[in-house]
1. How do the pairs read when you match residues in the range 96-107 that are buried (at least 24 other Cβ atoms within 10 Å of the Cβ) and modelled with pLDDT of 95 or more with residues anywhere that are of a type in the set (S, T, N, Q) and not in a loop (DSSP other than H, G, I, E, B), using Cβ under 7 Å and keeping only pairs 6 or more apart or on different chains?
2. For the range 326-361: of the residues being surrounded by fewer than 20 Cβ atoms within 10 Å (Cβ to Cβ) and of a type in the set (Asp, Glu), which is nearest to residue 110 (Cα to Cα)?
3. Which count do you get for residues in the range 156-170 that are crowded, with 24+ Cβ neighbours inside 10 Å and out of contact with any helix residue (DSSP H, G or I) (no Cβ under 6 Å at 6 or more places or on another chain)?
4. Count, please, the residues in the range 334-357 that happen to be assigned to a helix (DSSP H, G or I) and within 23 Å of the chain's Cα centre (by Cα).
5. Scanning the range 401-414 for residues that are more than 29 Å from the chain's Cα centre (by Cα) and either part of a helix (DSSP H, G or I) or of a type in the set (Phe, Trp, Tyr) (or both), which turns out surrounded by the fewest Cβ atoms within 10 Å (Cβ to Cβ)?
6. Here's a check for you: in the range 139-155, which residue that is among the polar types (S, T, N, Q) and touching a helix residue (DSSP H, G or I) at 6+ places or on another chain (Cβ under 8 Å) is farthest from residue 208 (Cα to Cα)?
7. Which one of these is buried (at least 18 other Cβ atoms within 10 Å of the Cβ) and in contact with a Leu (Cβ under 9 Å, 6 or more places away or on another chain): 365, 376?
8. Looking only at the range 105-163, how many residues end up being assigned to a loop (DSSP other than H, G, I, E, B) and either touching a Pro at 6+ places or on another chain (Cβ under 6 Å) or within 25 Å of residue 24 (Cβ to Cβ) (or both)?
Amino acid sequence: MIPLKLVDVPASIVMRGDPEARATGVAIDSRLVEPGDLFVAIRGGVDHIEAATAAGAIAVVVEEDHVEGALETTIPTILATFSSIRCLQCLGDVNASATLARRVGITGSTGKTSTKDALAHLIADQRRVVTALEGHNNEIGYPLTLTRINEDTEVVVCELAMRGKGQIAELCAIAAPDIAVITNVGVAHMELLGSPEAIAAAKAEIAEGLRNGGLLVLPFAEPLLDPYLPADAQITTFGDEAGSDVQLVDRIVRADGQDLKYLVQGEILALNTNLLGRHHARNLAAVIAVCHLLGLDLERVAERASDIPLPRWRGETQRIGSSIDIVNDAYNANPASLEAALRLLAETPTEGRRIAVLGLMAELGPEAERYHREAGALAARVGVDMVVAVGDLARAYLDGAGDDVAGLAVADADAAVELLLTTLQAGDRVLVKGSRAAGLEVVPALLAERLGDTAA
């Protein structure tokens, strides 16, 4: 953060302490406070203001209802605000506006986090970059990312999530992006928004929220978005379709990654990446589009693609014993991301069987059972050998898969582990996928603990 006098902290007033003192950072978790930080007490954070001060916070911000209690402590510098969240949002806006850093905002039904992390990694040797930490994509995390911008930051890569209409617009109102990316439009949050058209409208709020002269990066020929885009939008498209501004034109699958070729403004760009699956190849097309708009050397971008970090529980692969591979993709699930995971399972070379351990997909509304059946049918079509359905709703996977796939139903993650212990064979590859409500992210670790080096 650019150092800020306490008297200039927006949406607040100094109740005690030196108003000329300068904060050099912002924290909302007392365990993460660094010397010089301004600690903004959000919700239960007011119970930790003394711990934050002991850790080196230069001042604490508390809401009006808690000022009296804060003044009874020995905390030397206290600011009052009508809303801690609003104070944090204004801090993010003020800090971002004080720099020349270009703001990239990424949203979409799937692939937001992996696209964000890939972009930050690929530009890091050409631009000084700040990127959103895991989960920092809402009304609290988004402005917190903006407070991490420093005077020398050249690009800040933000993730914008939503669960309803107007939420992305609210984030853009805090600090509008210069470049906005929509990775795709799927049926995630169907339960809350009701239709694909409503989901597209909510995602497209990022287009209306651009700064003047802002640029859009969109999937090629996505008809759901068309009605909601500004007439004067400056659009760069990506995809594997002819006509895309950044087009995926060739893909060779390896056991440990992919060899990819893209057509970018009439020139071929070749790269080797550790990321697996057509969905990652397509999302990298969006990343390359942003890199091009930022004026980067694309050959240097391509050189960094071989070791792109994967977010936790999003395709992490772990070998158990000498020959069993477990793919932990259990951070979340919706029809689009599950389709991508199943297709990746099918195309990845393996010596044994392909097993999919699948939990429910949440927030799909009244058509949820249909989406689960369709995913089960897809598993059968692409060549999955066994589906383990975890939980009541997940049984619909088995209905869709029919008799062409060995199907087994279990109650929970522990039961899935017990089942796998009795069925795994040398060379098997296991996909673990589901919404967080299914709690399947623990399955790979439990399997490794139980099997250890004996699985072979």
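The values are calculated or read from the model by the stated rules, or taken from the named source; none is laboratory data. Everything numeric here is computed off the predicted structure, so don't read it as measured data. Every residue, glycine among them, receives a Cβ derived from its backbone with ideal geometry; neighbour counts consider all protein chains shown.
1. Once the first residue is buried (at least 24 other Cβ atoms within 10 Å of the Cβ) and modelled with pLDDT of 95 or more and sits in the range 96-107, its partners that are of a type in the set (S, T, N, Q) and not in a loop (DSSP other than H, G, I, E, B) give 106/115.
2. Ranking the qualifying residues of the range 326-361, first place goes to 339.
3. So the count comes out to 1.
4. 11
5. Once the filter is applied, the top-ranked residue is 403.
6. 147
7. Among 365, 376, only 376 is buried (at least 18 other Cβ atoms within 10 Å of the Cβ) and in contact with a Leu (Cβ under 9 Å, 6 or more places away or on another chain).
8. Total satisfying the criteria: 20.
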